[in-house]
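Remarks on the structure that follows.
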Amino acid sequence: MTDSCADFNRRQMLLGLLAAAGAGTTWANTAWPNKAIRMIVPGPAGSGGDIFARMLLPPLQTSLKESLYVENKAGANGIIGNDHVAKAQADGYTLLFSPSSSIAINPIIQPKMPYDAMRDLAPVAQVGAAGVLLVANPATGFKNLADMVQYAKAHPGRLAYGSWGSGSTGHLVMEGIKAHYGLDMPHVPYKGTAVELGDLLANTIGVGFMDIASPIPHVRSGKLRALGASGSARGPALQDVPTLTEQGYSFDADGWYGVFAPAKTDPKIIDRLNADLGQALGSPEMKAKFAEQNMLIPAHKSAAEFSQVVKRDMALWQQLAKVAKLKVD
């Protein structure tokens, strides 16, 4: 009787293990994904985030065996798009491709946020690392940071600068420069980089901070001049453009793009996405494409490691916002 009970228990245990294995296989192969996945970009078409998000779609579609598409939801320095994902169903079919500025900086300087980035969004993977680019219309005559500072000091209040939104990385970095050198430069916030780029090309505004990628064709053609870049290293596509630190204003913090999902998304989905993104970003072809757009690809991080990056950068930007006495325009 005892042997029979033991045999019965062993059979039950074996059946349980087989059922669990079968359930895992079913989840991996059929439960998710089984329909198109949308990637929300909280910026306009043609922006840096839009460019990099679209680069990732083909390899992700191959690995996930399902279609993905970008949906642009621009405005409010990413708050509109981020909030949409924060309130989306946590089923793995709505993802966010967001810059560090809208994740790490908005909660610091915005008095009222419709969502909590750390509570309502789940970090999936870091995508790229780079600074932001300070560019000028050639009509200004500026060739570097020192030229801009010299002019701004001699003409208080006359040199306005643009950024892609109040609270953007570009806004915060320039406010730090203004505080460091004692400059009076009005801020002109735009709803995304595309509109700002148009005004820089038309010389409606003389200088501005932009993302690291979208101005490159115009810098190469001579229609814009790159004065410097924030970040820890020169951009791979603009090796002749010195960093701000090299020019005397120490600012080594790198910005990034990141993929996020609504909070409470199944950890299996997050881990799967993290692994597939790591594989895509690790390919020589993708590294070359990112380099062409002036973006480095750092060593792959797990979702948990990326979450720590987000927390660390929130603390870093908060300190800079205090130093610059930054307030949203």
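The values are calculated or read from the model by the stated rules, or taken from the named source; none is laboratory data. Here the structure is a predicted model, which means the values were calculated and not measured. All Cβ positions, even for glycine, are placed from backbone atoms using ideal geometry, and neighbour counts span all protein chains on display. Ligands, DNA and RNA are stripped out before the accessible areas are found, and what is left, the full protein with its side chains, is counted by its heavy atoms. Shrake-Rupley method; radii C 1.70, N 1.55, O 1.52, S 1.80 Å.
Observations
- Residue match in region 210-223 (condition: under 19 Å from A45 (Cα atoms), without any contact (Cβ under 8 Å) to a residue 40 or more places away in the chain and out of contact with any Leu (no Cβ under 6 Å at 6 or more places or on another chain)): yes
- Set G167, G92: member being more than 24 Å from E196 (Cα to Cα) and in contact with a Ser or Thr (Cβ under 8 Å, 6 or more places away or on another chain): G92
- For region 205-231, taking the residues that are β-branched (V, I, T) and in contact with a Gly (Cβ under 8 Å, 6 or more places away or on another chain), the one that is surrounded by the most Cβ atoms within 10 Å (Cβ to Cβ) is identified as I212.
- All positions within region 170-183 that are at pLDDT 90 or above and out of contact with any helix residue (DSSP H, G or I) (no Cβ under 7 Å at 6 or more places or on another chain): V173, M174, I177, K178, H180, G182
- Region 137-165 residues that are touching a residue at least 40 places away in the same chain (Cβ under 8 Å), paired with ones that are among the charged types (D, E, K, R) and part of a helix (DSSP H, G or I) (beta carbon under 6 Å, 6 or more apart): G162/E196; W164/E196
- Check on K311, open to solvent by 20 Å² or more (accessible area, probe 1.4 Å), closer than 22 Å to P42 by Cα and in a loop (DSSP other than H, G, I, E, B): no
- Qualifying residues in region 232-252 (those that are under 22 Å from the mean Cα position of the chain (by Cα) and either charged (D, E, K, R) or crowded, with 19+ Cβ neighbours inside 10 Å (or both)) - the one modelled with the lowest pLDDT: D252
- Every residue from region 297-308 that is open to solvent by 70 Å² or more (accessible area, probe 1.4 Å) and outside any helix (DSSP H, G or I): A299, H300
- If you go through region 93-149 and pick out every residue that is in a helix (DSSP H, G or I), of a type in the set (S, T, N, Q) and more than 22 Å from V219 (Cα to Cα), you end up with 4.
- Restricting attention to region 49-97 and to residues that are in contact (Cβ under 8 Å) with a residue 24 or more places away in the chain and of a type in the set (V, I, T), the residue that is most open to solvent (accessible area, probe 1.4 Å) turns out to be I80.
- Some residue of region 258-280 being under 22 Å from M174 (Cα atoms), touching a strand residue (DSSP E or B) at 6+ places or on another chain (Cβ under 7 Å) and part of a loop (DSSP other than H, G, I, E, B): no
- Of the residues making up region 188-204, those that are open to solvent by 30 Å² or more (accessible area, probe 1.4 Å), closer than 18 Å to S101 by Cβ and at pLDDT 95 or above number 1.
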